[in-house]
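So the structure is just underneath, and the comments pick up after that.
The values are calculated or read from the model by the stated rules, or taken from the named source; none is laboratory data. If you're wondering where the values come from, they're calculated on a predicted model, not measured in any experiment. Note that each Cβ is placed from the backbone with ideal geometry, even for glycine, and that neighbours are counted across all protein chains shown.
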Amino acid sequence: MPEPADTPDISGSADISGTPGSADISDAPGSMDTPGTPGSDDTPGSTGSTGIPGGTDAPGITWTEDVRPPARARRGSGAAPGDGPGDVPGDPEAAPAPLTYTAHWHSESGLPAPRRVMVADDRMKAAVAYRLACEGTALLWRGDYQGARQLLRALGSRLDRLAPKPGATPAETFHRHRQARGHRARVLGMLLVVLEDDHGLALRRAPDVRTACTEAYGPPRRRTVVSLRELLGVIGAHEWRRKGVPVPAVDGRIHPHYGVFSPVRGEYVDLVATAPLPAAAHRAPAAATAFDLGTGTGVLAAVLARRGLGRIVATDSSPRALVCARDNVTRLGIGDRVEVTDSGDLYPAGRAALVVCNPPWLPARPTSAVEQGVYDPDSAMLRAFLAGLADHLEPAGEGWLILSDLAEHLGLRSRGELDEAFAAAGLRVVDRLDAKPRHPRASDASDPLHTARAAEVTSLWRLAPAA
């Protein structure tokens, strides 16, 4: 869908279609409602989270610098001019000597700390950097911040030339595309930067990233090494959180947090905003209870509150999603009707007139935590929703399943399998409301998955107990 005129500027987040959030299938609402990702554009997935533990933390990553960095003032850091990357103050007059430094390693993508690390600066040629990164050597950037961004773009351009050939089937094409995106993420993730112990970035012309990093990682505790690609996702997520996403159905803006997908695909929100309420809620909406399973940003809970439902219980297993949803509920002034909770299970206790669920849309195994809002292995969350629905509905209540048929067009799941899952859970289809996606990828003929995306339909399935 075209970006509104007041969409946040995330120009600092070049090449973050995969984020944290985002696993970069680039299609639907996801749970980074990877990566990331806010930082993500429109990845298929849930508005909530499947709760896979996120990120990798390692005790240390070590590198050696033959020449102490020149004296400089750090923008966005409390360090004094002349301080080097370690704890010893810089002395540009001292004789050059190899210095070894150690910092904590963090990866939201779950990648292990690189075994080989080489210091790089603006003298590094893109061709050399590309070869080293492909061979598994990480490049710790000590040059100009804008130079690092330019190098990342140059690496991305080289990787884009390696687009995989279409497979014999849609499923094979999808898996080749996913392998290529995984390789791309690994290579781009080899360009590293150091966050100082106040989350400051001690590079020339670097922005002040301390607030953005605190929002994403929590309060600073120690010097940490992260990939530049991840940091750009953090910066982009901060801008989305600061300005928010206008959502007409909630009469306001939704402010996605880092690690929680932004509701940029409006069609699924519109379906929830316009679908006929079930009889159990239609008679007296103000007295009705609804559940929003995997709430993410809380956008669907907010839509239900705007429709007049008196009590909404919004659940999620992701700590980031819970904080995000509570923030949005407070901003929208609906905290008296929306309870955000980690129920310890998909469903909260009790029954409801309406249960809404928007699970990840693709039945495939996530390869990292940031893909949790995109891939639902063996359709586990989908099946859990269906299996528990009848036991959590009030008489004349309904379950609303929001699901794209992209998996069907990719050959990952058939419509027959979905029908069988409904029947196995003792459910019948009351109605189905459809909407065509409005995201840019649906009309991008250069996209390797264009055929599937162009045929995609997002549906709201109204489900009720069969008997």
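Observations on the structure shown:
- Residue list for region 326-351, filter: part of a loop (DSSP other than H, G, I, E, B) and of a type outside the set (D, E, K, R): Leu332, Gly333, Ile334, Gly335, Ser343, Gly344, Leu346, Tyr347, Pro348, Ala349, Gly350
- Only listed residue being farther than 25 Å from Tyr217 by Cα and in contact with a His (Cβ under 7 Å, 6 or more places away or on another chain), chosen from Pro98, Pro170: Pro170
- In the condition set (1) within 29 Å of Gly233 (Cα to Cα); (2) of a type in the set (A, V, I, L, M); (3) not in a helix (DSSP H, G or I), Leu322 is compliant with all but (3).
- Test: residue in region 318-327 that is in the same structural domain as Leu386 (by TED's automatic domain parsing) and within 12 Å of Ala290 (Cβ to Cβ): no
- Neighbours by Cβ (under 7 Å, 6+ apart or cross-chain): first from region 310-322, buried (at least 19 other Cβ atoms within 10 Å of the Cβ); second assigned to a helix (DSSP H, G or I): Ile312/Ala301; Ile312/Leu304; Ile312/Ala305; Ala314/Ala301; Ala314/Ala325; Asp316/Leu322; Asp316/Ala325
- Residue in region 215-233 that is of a type in the set (Asp, Glu) and under 22 Å from the mean Cα position of the chain (by Cα) present: yes
- Top-ranked residue of region 247-302 - restricted to ones that are hydrophobic (A, V, I, L, M, F, W, C) and part of a loop (DSSP other than H, G, I, E, B), ranked as surrounded by the most Cβ atoms within 10 Å (Cβ to Cβ): Val260
Yes/no per residue for (1) aliphatic (A, V, I, L, M); (2) under 23 Å from the mean Cα position of the chain (by Cα):
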residue: Asp121; (1), (2): no, no
residue: Gly136; (1), (2): no, no
residue: Trp141; (1), (2): no, no
residue: Ala154; (1), (2): yes, no
residue: His183; (1), (2): no, yes
